[in-house]
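As structure tokens, the structure follows; a few thoughts come after it.
The values are calculated or read from the model by the stated rules, or taken from the named source; none is laboratory data. Because the structure is predicted, anything quoted here is derived from the model rather than measured. Positions of Cβ are backbone-derived with ideal geometry, glycine not excepted, and every protein chain shown enters the neighbour counts.
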Amino acid sequence: MSTTTKSNTQLLVDGILKENPIFKLALSMCPAVGISTSVMNGILLGTAVLFVQVFSGCTISLVRNYIHPKIRIPTYTLTIATWVTVIDLVLAAYVPGAYKAMGMFVRLIVAFAIITMRLEMFASREPLTKSFWDGLGMGLGFMVGMVTLGVVRELLGSGELLGYDVLGFKPLLFFVLPSAGFFVVGLMMGFFNWIEVAYNRRKEG
Amino acid sequence: MDPVLIKIALGGVATLACIGLFFGIGLAMAAHKFHVEPDPKVEEVLHTLAGAQ
Amino acid sequence: MNGMNGLRRYQWLMGILLVALFLTGCETGHDFVKKTEFKDADKIVVIFAGPVDNAWATDVSNFSVYEEPDPDIRLNIKEAALGPDKTTLTLNFEAPLNQGEAHILSTTNIVSEGQDLGAATLTVKKLYFGILMTIFLGAALIQNFVFTKYLGLCVFFGTSQKRSTAIGMGIVFTTVMVFAGMMAWALYQFVLKPYQLTYLNIVVFIGLVSLSVQGVDTILRKVNPALFKAFGVYLVLVIANCIAIAVPLMLADNEYNAWESLMLALGAGLGFMLALFLMACVRERLELAKIPPSFRGLPIAFVTAGLFALAFLGFSGLSIY
């Protein structure tokens, strides 16, 4: 029983653009402020979130008819916690350096509102394939958001991309300092709003 | 497989089951002891309001 | 008035608790030694009851120091200096000391004005109360979870629009945090760690937080319906807060004991409440301010939070004990 009329590709694209978890839904802001200082962090945490989102979505979708509605939220939480443990142990074993740089954030994926919300709104109602594509879209949307922030902060802050010197000078060192996260996210949100307003005005006028 | 690993895995399952059972029973007892009769008036009002956010 | 009387009834209990906490740090182990304490990062100061012999006191080989858990590792003393009053001995170490641990200082026979007063084994430790206060202030101000660790932001921006909401959320969060923190400590120390099940940390801790929320919900609904009506809506938000899962993980990583765990949970809760309240005060005024249209709402709130984060950097050097 499927209630969505969207095709698989539509689900994927919507997750990245129209319902982008960071810039559109404004959920899971903690990592966006905390560790978006480099592109590498964004890619790694994005991978972890993608993994958890896809696998917990598929799991819930498979057992959706057997979950008692009264305990559905605890079920989602425990499912997410299980997959977070898996990716946490894998990352700690294979990329220990980067894992340390991300601190606790990998383990904190378990409390990201975005994953629980998608399970409640989508995976608990839709069949396996749809849930898979939705999870992929949401995970990629999160990764794209994190990488965008990472590119802006790394390029403007230290003139580098993925650790390679690109600009040769440092335009705004402030951007790469840890406490500047709030300013960067706030300014970028305002910037996107401004573009949207200007675009709509041009379309009308 | 290494028997130690199997022991740890089974221990994890058993521990989680015990914790779950313990707290599940605890919560169920608490819910029973602190049971609140849902107010029929509230239900009624919510029913008439349904759909109007 | 009633509340005041209730408070007074518990005052003696608080007094005894405080005295007990202070006393744990004050015994030294030898009659002639009045006090031992840490100074700076790499010094131990010993204060004697009377003047001691200069030649004895400045000879480094008369002293040996180790951390209580590792008696085999002797710490290297660089220099021993006696103060002009001949009662204050300062031991300089080559490396900074780990002041969270108790240090054992054993001396050869103490020589004072020609008399031999026998050997001494002294315990040097920070006042336990000081360690607790450091953890508490660390969680609440210096390493504030919102402004310097960037955690719990979704709930932070969601509930900081009005002062009343901010206080309600803060109180509920602190209560649940203390419950969940203590349960997490007990489960970690007595079940997960002894049976090598620490890989289940995340699953068990998030379960505990949900359980505490459900428990508080059930009990509050019956015991105090008025309070439930005011604060019930915030209970669900606690689960979606990263801090609620970060605190149990931290107390497991740092191997805190019961008191330290309690202080961490309390500090995290009160620090979150403080952050919410400060932010709500500013955001109530931002409603009336002239802000460019594209910055209204969340963007300007983020910039405000950034200013607070810079202000909280000022706490980074704070240490009372």
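Here are the numbers for the structure shown:
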| item | result |
| --- | --- |
| In the stretch A:116-128, residue surrounded by the most Cβ atoms within 10 Å (Cβ to Cβ) [restricted to those that are out of contact with any helix residue (DSSP H, G or I) (no Cβ under 6 Å at 6 or more places or on another chain) and under 16 Å from A:VAL63 (Cβ atoms)] | A:GLU126 |
| Residue within the stretch A:161-177 that is small (Gly, Ala, Ser) and part of a helix (DSSP H, G or I) present | no |
| Residue in the stretch A:94-115 that is crowded, with 20+ Cβ neighbours inside 10 Å, β-branched (Val, Ile, Thr), closer than 13 Å to A:CYS58 by Cα and within 14 Å of chain C (Cβ to nearest Cβ) present | yes |
| Flag for A:ILE73 being of a type outside the set (Gly, Ala, Ser), under 24 Å from A:GLU19 (Cα atoms), more than 7 Å from every other protein chain (Cβ to nearest Cβ) and surrounded by fewer than 20 Cβ atoms within 10 Å (Cβ to Cβ) | yes |
| Residue that is nearest to the other protein chains (Cβ to nearest Cβ) [pool: residues in the stretch C:142-189 that are of a type in the set (S, T, N, Q) and not in a loop (DSSP other than H, G, I, E, B)] | C:GLN189 |
| Residue satisfying all of: in the stretch C:225-260; farther than 25 Å from C:TYR150 by Cα and within 16 Å of the chain's Cα centre (by Cα); nearest to the other protein chains (Cβ to nearest Cβ) among these | C:ALA258 |
| Residue identified as under 23 Å from C:ASN224 (Cα atoms) and modelled with pLDDT of 85 or more among B:GLY12, B:GLY26 | B:GLY26 |
| Residue match in the stretch C:76-95 (condition: assigned to a loop (DSSP other than H, G, I, E, B), among the small types (Gly, Ala, Ser) and over 15 Å from C:THR36 (Cβ atoms)) | yes |
| From the options A:VAL54, A:VAL84, residue that is modelled with pLDDT of 85 or more and more than 26 Å from C:VAL146 (Cα to Cα) | A:VAL54 |
| Selection status of A:SER179, among the polar types (S, T, N, Q) and more than 14 Å from chain C (Cβ to nearest Cβ) | no |
| Selection count where residues are hydrophobic (A, V, I, L, M, F, W, C) and assigned to a helix (DSSP H, G or I), scope the stretch C:99-140 | 9 |
| Subset tally (residues that are in a helix (DSSP H, G or I), over 12 Å from the mean Cα position of the chain (by Cα) and among the aliphatic types (A, V, I, L, M)) for the stretch A:11-53 | 6 |
| C:GLY130 vs. criteria under 27 Å from the mean Cα position of the chain (by Cα) and at pLDDT below 75 | no |
| C:LYS222 part of a helix (DSSP H, G or I), within 7 Å of another protein chain (Cβ to nearest Cβ) and among the charged types (D, E, K, R) | yes |
| Of all residues making up the stretch C:269-293, the number that are without any contact (Cβ under 8 Å) to a residue 40 or more places away in the chain and closer than 13 Å to C:ALA305 by Cβ | 3 |
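Residue-wise test of (1) over 20 Å from C:MET250 (Cβ atoms); (2) buried (at least 19 other Cβ atoms within 10 Å of the Cβ).
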{"residue": "C:GLU79", "(1), (2)": "yes, no"}
{"residue": "C:LEU91", "(1), (2)": "yes, yes"}
{"residue": "C:ALA102", "(1), (2)": "yes, no"}
{"residue": "C:ILE110", "(1), (2)": "yes, yes"}
{"residue": "C:ALA120", "(1), (2)": "yes, yes"}
{"residue": "C:LEU127", "(1), (2)": "yes, no"}
{"residue": "C:GLY130", "(1), (2)": "no, no"}
{"residue": "C:LEU141", "(1), (2)": "no, yes"}
